[in-house]
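Working notes, structure below.
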Amino acid sequence: MTVNDAIEKLKTRFAGAIQSPIEFRGEFTVTVSRERIVEVCRFLKSECTFDMLTDLSGVDNYGDDPRYEVDYLLYSLTHGTQLRLKVHVSEDDLIVDSVTNVWRAADWHEREAFDMFGIRFRGHPNLKRILMWEGYPYFPLRKDFPLAGLPAELPETAVDADTVRSAPMLGGPFVGGTGSRSAIRREPRQHDTIAGQQESLKNPTKKEPV
């Protein structure tokens, strides 16, 4: 089955719930009504062999209305074809039904979209933040979130345990070099402390302990 065959099946089965597909450089995108997304996904999996959800992501189209969207990238292992679905989400009603009952792989993808954009997924089995900590008040991938970030209170456990520290990155995360120095000496992050890094720079010929 080609992706065009799958789209024709969608048009027949969900005529009032999808918009005309858009093709760009061989990739096809179909916009789906938010209320029918689970039905459409289940149909594509069972009837069109799109058995893999390879990605799910939120998008902030700042300035547009509706502002947000959720994109689903589907792949058919049987036919080697892919299809993208798109659901528009209003800023005033940031809720989409979860597709975790269709593809279990949606679990962490939906959590990331919630964490970064604030889009909630109705019916998700464990919708909590996956990158930021619980209680973090912002959504970092929204277009109105400043590049420099915003101040926020750290979790008490992290502060009390003194675990939030700056990583030793003197000279940049990856420092290339020439000569006889080993990879350990060329890579600053191999050192546990700044003092250890500076010591190795002072004694470039000293052998590292094995």
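Filter the stretch 51-77 down to the residues that are in contact (Cβ under 8 Å) with a residue 60 or more places away in the chain and part of a strand (DSSP E or B) and list them by number.
Listed by number, the residues that qualify are G58, D60, S76.
Could you tell me which numbered condition V38 fails, if it satisfies all but one of (1) surrounded by fewer than 16 Cβ atoms within 10 Å (Cβ to Cβ); (2) β-branched (V, I, T); (3) assigned to a helix (DSSP H, G or I)?
Just one mismatch for V38, condition (1).
Could you list, ordered by first residue, the pairs with Cβ atoms under 7 Å in which the first is in the stretch 115-132 and farther than 14 Å from G58 by Cβ and the second is among the basic types (K, R), at least 6 apart or interchain?
Sorted first by the residue in the stretch 115-132, then by its partner, the pairs are K128/R111.
Just the residues that are over 20 Å from Y62 (Cα atoms), more than 16 Å from the chain's Cα centre (by Cα) and not in a strand (DSSP E or B), please, taken from the stretch 78-101.
T78, H79, G80, N101
Report, by residue number, each residue of the stretch 1-35 that is assigned to a strand (DSSP E or B) and surrounded by 15 or more Cβ atoms within 10 Å (Cβ to Cβ). Walk me through how you get there before you give the answer.
First, pick out the residues of the stretch 1-35 that are assigned to a strand (DSSP E or B): 18, 22-24, 27-32.
Those that are assigned to a strand (DSSP E or B) and surrounded by 15 or more Cβ atoms within 10 Å (Cβ to Cβ): I18, F28, T29, V30, T31, V32.
Output the residues belonging to the stretch 53-80 that are farther than 24 Å from F139 by Cβ and exposed (fewer than 15 other Cβ atoms within 10 Å of the Cβ). Walk me through it before giving the result.
To start, the set of residues in the stretch 53-80 that are farther than 24 Å from F139 by Cβ comprises 74-80.
Result: L77, T78, G80.
Considering the stretch 28-46 alone, what residues qualify as being among the basic types (K, R) and closer than 13 Å to G16 by Cα? Talk me through it step by step, then tell me what you get.
Pass one, the stretch 28-46, residues among the basic types (K, R): 34, 36, 42, 45.
Those that are among the basic types (K, R) and closer than 13 Å to G16 by Cα: R34, R36.
Throughout, read-outs are computed from the coordinates displayed, never taken from laboratory work. Because the structure is predicted, anything quoted here is derived from the model rather than measured. Backbone-built Cβ (ideal geometry, glycine too); neighbour counts: all protein chains shown.
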